[in-house]
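Engineer: Before anything else, here's the structure in question.
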Amino acid sequence: MGRDWLVITDAYSKYPCIHPTSSTSSRATLDLPEEDFAHFGLPHTLVTDNAPTFTSEEFQSWCKERGITHLTGVPYHPATNGAAERLVQTFKQALRKSSLPPKHALQEFLMQYRRTPTSCGFSPSELLNSRQLRTRIDTLLPSPAHIAQGKQSKEASKSQMTPDLKAVVKVTRQYKAGDPVYALYHGPRRDKQPRWVPAVLKKSLGTRCFNVMVIPHGPVWRRHWEQLQPRYTTEEDNEPGEEVDTVSELVTDHPMETVPQTRRQTKPKGTPSVPEYGPDNPRRSKRTRKPTERLCC
């Protein structure tokens, strides 16, 4: 194949790691397993063949500094390190049969090998990481294990929530498609006050994110639940002669976020009117007054 490969496999799970290398020197070889050990941790024992790279003094001191017991196989007896030798043969066969470039063929081989069940019924990924790797074939049908993991993560997040956070999540779930809301406008405006635009909730993107459409025929925005306020509609919204709040104060440069004219929120019918007190309309007490009864001598 015209190049050298460093093949590493876990004795328990048969999880493979393969690295292409252009040099077989000790220093260049030591840089490759350090990447794997950074992911999975240092092993207790490392079994290699009798190549000069692994029998050098630099490699021996490297293992000693990290507390790794280094063992070598019997010369001219590859069966001593049979797991690695079997992986080398399997990898060479897959590389010859693949029509992909060597780099892509290597990644495809590792993906399929790590998720293929062994004789014990579990894949190397399941034995090492306690979960199956997700590939393109998993997109056809949700995995029961993946669904179970999602339920467990939700239950774990709920158990770690404070009472205040639980109340917040409960409030956010009250939003559903078709609910009238006020959405926060983020476009340029003349004043620095936050501007709320009437909209309709179109789709829920999760427990906290929603797609809302500005009414009547505005664009669709993506807003967090903190950027939404409930809006209460009444029959008076459609009556003529109602005061209209134009959006001329909003100076927008975004064609996808044009804001139409909106109506001010009105009070529902049947709501008792509260008098406004001022200098011309003083407050009068509603207490019942009776004449004072006095004893005459």
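Engineer: I'd like to know if the range 167-174 contains one or more residues that are out of contact with any Lys or Arg (no Cβ under 6 Å at 6 or more places or on another chain), charged (D, E, K, R), under 17 Å from residue 230 (Cβ atoms) and at pLDDT below 70.
Structural biologist: The answer is yes; a qualifying residue exists.
Engineer: Assess whether residue 80 counts as being more than 30 Å from residue 138 (Cβ to Cβ), exposed (fewer than 14 other Cβ atoms within 10 Å of the Cβ) and of a type in the set (S, T, N, Q). Steps first, answer last, please.
Structural biologist: On the way: more than 30 Å from residue 138 (Cβ to Cβ): yes; exposed (fewer than 14 other Cβ atoms within 10 Å of the Cβ): no; of a type in the set (S, T, N, Q): yes.
For residue 80, the condition - more than 30 Å from residue 138 (Cβ to Cβ), exposed (fewer than 14 other Cβ atoms within 10 Å of the Cβ) and of a type in the set (S, T, N, Q) - is not met.
Engineer: Hey, does the range 18-33 have a residue that's more than 39 Å from the chain's Cα centre (by Cα), surrounded by 17 or more Cβ atoms within 10 Å (Cβ to Cβ) and assigned to a helix (DSSP H, G or I)?
Structural biologist: yes
Engineer: Kindly indicate whether any position in the range 7-26 is in the same structural domain as residue 95 (by TED's automatic domain parsing), of a type in the set (A, V, I, L, M) and over 19 Å from residue 91 (Cβ atoms).
Structural biologist: The answer is no; no qualifying residue exists.
Engineer: Step by step: first the residues of the range 59-107, then only those that are within 13 Å of residue 48 (Cβ to Cβ) and outside any helix (DSSP H, G or I), then the one that is nearest to the chain's Cα centre (by Cα). Which residue is that?
Structural biologist: So, considering only residues that are within 13 Å of residue 48 (Cβ to Cβ) and outside any helix (DSSP H, G or I), the one nearest to the chain's Cα centre (by Cα) is 68.
Engineer: Is it the case that the range 7-17 has a residue that's under 29 Å from residue 123 (Cα atoms) and either assigned to a helix (DSSP H, G or I) or in contact with a Gly (Cβ under 7 Å, 6 or more places away or on another chain) (or both)? Walk me through it before giving the result.
Structural biologist: Just the residues of the range 7-17 that are under 29 Å from residue 123 (Cα atoms), to begin with: 7-17.
After this cut, where a residue has to be either assigned to a helix (DSSP H, G or I) or in contact with a Gly (Cβ under 7 Å, 6 or more places away or on another chain) (or both) as well, the list is none.
Looking through the range 7-17, none of the residues is under 29 Å from residue 123 (Cα atoms) and either assigned to a helix (DSSP H, G or I) or in contact with a Gly (Cβ under 7 Å, 6 or more places away or on another chain) (or both).
The values are calculated or read from the model by the stated rules, or taken from the named source; none is laboratory data. Because the structure is predicted, anything quoted here is derived from the model rather than measured. In this analysis, Cβ positions are derived from the backbone assuming ideal geometry, glycine residues included, and neighbour counts consider all displayed protein chains.
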